[in-house]
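So the structure is just underneath, and the comments pick up after that.
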There are 2 protein chains.
Amino acid sequence: MKKLINAVEDVLSESLRGFGLAHADVATVSHDPTFVARRGGPKQGKVALISGGGSGHEPMHAGFVGYGMLDAACPGEVFTSPTPDQMIAAAEAMDGDAGILWIVKNYAGDVMNFEMAAEMRGGPSATVLVQDDVAVESSLHSQGRRGVAGTIVVEKVVGAAAEQGADLATCAALGRRVAEASGSMGLALSSCTVPAAGAPTFTLGEAEIEMGVGIHGEPGRRRAALDRADALSAEMIAAVAEDRGLRHGEEVLLFVNGLGATPLMELYLMYDACARLCAERGLLIGRALVGNFCTSLEMAGVSVTLTRLDGEITRLWDAPVQTAALRWGA
Amino acid sequence: MKKLINAVEDVLSESLRGFGLAHADVATVSHDPTFVARRGGPKQGKVALISGGGSGHEPMHAGFVGYGMLDAACPGEVFTSPTPDQMIAAAEAMDGDAGILWIVKNYAGDVMNFEMAAEMRGGPSATVLVQDDVAVESSLHSQGRRGVAGTIVVEKVVGAAAEQGADLATCAALGRRVAEASGSMGLALSSCTVPAAGAPTFTLGEAEIEMGVGIHGEPGRRRAALDRADALSAEMIAAVAEDRGLRHGEEVLLFVNGLGATPLMELYLMYDACARLCAERGLLIGRALVGNFCTSLEMAGVSVTLTRLDGEITRLWDAPVQTAALRWGA
């Protein structure tokens, strides 16, 4: 295992400490229990957005803590759900007396732990479950579809609404609407290696890919031969657009996401291919995002997310955001 | 070769087209000759900053075109200098009648072609040569030190000064001062594969690294055994701090840069290690940057850059910037 680490058991704590040092302008890191919170504490009267999940998907979620997006993120060990005590501590720290909105990716461990946290803590809260991965209906760690890069779109859009004063019910309904409007599919050119495991999660032949791969290396739809970027893009765009029922003339956010080890040069090339395919379907690309945002450690590969836009979602997408990984506007 | 591409000869043009589509809010891409220019054309009375170099280091340089940074970037083929016609076309497109500042990384091809462009075009211009890589004194493609991630610091700081109305001589002097204040060193855990070559540039054993690697895979100081992150960081921080004569009590920008395939989790862990080492030397970390900014395709590895800060450099670093890859401020 070739990694820039000291000891396997210290990877998460040292990495989070580095994150906290590098981004003290937007976030603070607490340990025991571990969570990352927006700098400056809770904003009175604002719904607090809290997400989290296993680590190894950086910048998701800690990189999205800050003005206009998440109030807190709870990182578990690599590819392992965080625990309820982390979620409760994050909620205590960031509760602005307007309720907590939990944004949860659909994996069994996450779902169970966030549910437990909400029950143990009590108080007004709601949950948005994200299950945007159209590749498979159920998977190794999920009943129903997996939550992947579309989670970031949910966090951005609802984060903007919460910042503008939307109440808990409105934020929850909006989050479900954005989640429903979003579909994703990914493919891997290589596996990742979980530090504690020390060996690749799976293996692929020299000219083989995993089409529909999960962000923990879960199986996708099939092993396939590496094909041209256009052909790979066509399969992903078709899968997502058809699943989400996207029709000629509709406007979308096109989000091309790297899984970790894919050069930006290839991500832009994939964006170009996907944009052409959207145009062929009559889909209008209203907004774009390209980069490594929802990763799987050092996995080589890409995912494509389409979110159906409307005036409200577009306006909230454009609203200012100040986080480690997304930053724009005033 | 496992890459998300269509055909080797189309990688650059398709990738740039994708870049242009995704970032139409800040930049426009021209072909024949190829360059990326700030949206909206030249700003009258402003020094035009133009950089460029071989592709494969994305987001450098096209990702730094926009308000407060570069006016244009000229991308060559992968790891190949752009040609004078690209530079001249970029200068023609972005000349605001206050002169051109060429920001050039020290590689023989780049130096020669930018020089030729300046001579062929004529008109007021100046060049800032960046040679921040302290690893080796000369290398495969350079007489003298290589220009690497420190180039981004030069582009950001001088870009802010130019935006605020500094004249050509002031921008050139500032650029040289920032370049001189910056030192970098990198290490590779794996090679990259140039698309046109189709095979890895070099090979490393399973527990071997290249300490001091260049951003094209050029040899560094030595092959070494993979060591703990703390030990690797210590060697890089010592090399840079001693080379640049950084002393107890001085303030620095600490920039931990991924070479392409290294997970953000590891980059933050390296940042944590480097921050501790700076503290041990009495260096005060005034500003931080962590991420994949000056890459080598899918090379796994990291570089560390230290820039000595002063009031002027810090103020210009903080000034607003609106590019594809760096974005902050108003």
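The values are calculated or read from the model by the stated rules, or taken from the named source; none is laboratory data. The structure presented is a predicted model; accordingly, all values stated were derived computationally and were not measured. Please note: Cβ atoms are built from the backbone with ideal geometry, for glycine as well, and neighbour counts cover all protein chains shown. What goes into the accessible areas is simple: the full protein's heavy atoms, side chains included, and nothing from ligands, DNA or RNA. Shrake-Rupley method; radii C 1.70, N 1.55, O 1.52, S 1.80 Å.
Calculate the tail of P(r) for chain B: the fraction of all Cα-Cα distances greater than 24 Å, expressed in %. Result: 50 percent of Cα pairs exceed 24 Å. Taken over region A:106-164, the ratio of Cα radius of gyration to 2.2 N^0.38 Å equals 1.26.
The string of couplings for region B:55-67 from the Karplus curve (6.51, -1.76, 1.60, θ = phi - 60°) is 7, x, 10, 4, x, 4, 9, 4, x, 10, 8, x, 3 Hz, one whole number per residue in order, with x for Gly and Pro.
The listed peptides B:104-112, A:121-129, ordered by packing as a protection proxy, come out as B:104-112, A:121-129 (highest mean of other Cβ atoms within 10 Å first). Shown for region A:12-82 is the translational diffusion coefficient from the Stokes-Einstein equation, using the Kirkwood radius over Cα pairs, a temperature of 25 °C and a viscosity of 0.890 mPa s: 206 µm²/s. For chain A, DSSP calls about 55 percent of its internal beta bridges antiparallel.
Sequentially through region B:94-103, phi angles give Karplus couplings (6.51, -1.76, 1.60; θ = phi - 60°) of 10, 5, x, 6, 10, x, 10, 10, 8, 10 Hz, Gly and Pro residues having no value and appearing as x. Charges were assigned to the Cβ only: +1 to each Lys and Arg, -1 to each Asp and Glu. The resulting dipole of the protein assembly as shown about its Cα centre is roughly 540 debye. For B:G68, what charge total do you get from the other residues with a beta carbon under 9 Å from its beta carbon, if Lys and Arg give +1 and Asp and Glu give -1? Net of charged neighbours comes to 0. Given a 1.4 Å probe and every protein chain left where it sits, what share in percent of the accessible area of region A:255-313 is carbon and sulfur? Carbon plus sulfur share of accessible area: 54 percent. Can you pull out the buried accessible area for chains B and A, both sides counted, probe 1.4 Å, rounded to the nearest 100 Å²? Summing both chains' loss of accessible area gives about 4600 Å². Taking 21 Å as the straight-line reach from the Cα of B:K43, the lysines in range (excluding those fewer than 8 positions away in the same chain) are B:K156. Eigen-decomposition of the gyration tensor built on the alpha-carbon atoms of region B:11-181 gives equivalent ellipsoid semi-axes of 21, 19, 15 angstrom, largest listed first.
Each 10 Å bin, from zero up to the one with the longest distance, holds this percent of the alpha carbon pairs of region A:184-310: 14, 46, 30, 9, 1.
Solvent exposure of the protein assembly as shown amounts to 33 Å² per residue of accessible area, where only protein heavy atoms count and the probe is 1.4 Å. Relative contact order, percent, of region A:142-298 when contacts are C-alpha pairs under 8 Å separated by at least 6 residues? Taking the mean separation of contacting Cα pairs over the length of region A:142-298, I get 21 percent.
The relative contact order of chain B comes to 18 percent, based on Cα pairs under 8 Å that sit 6 or more residues apart. Within a straight-line Cα-Cα reach of under 23 Å, A:K3 can be paired with the following lysines, leaving aside sequence neighbours fewer than 8 residues apart in one chain: B:K2, B:K3. Pairwise Cα separations in the protein assembly as shown fall into 10 Å bins from 0 onward with the following percentages, short to long: 3, 17, 28, 28, 18, 6, 0, 0. Translational diffusion of region A:150-214 was estimated from the Stokes-Einstein equation, with Rh taken as the Kirkwood radius over Cα pairs; at 10 °C and 1.306 mPa s the coefficient is 109 µm²/s. Taking one quarter of the surface of the C-alpha convex hull of region A:260-330 gives a mean projected area of 5.6 nm².
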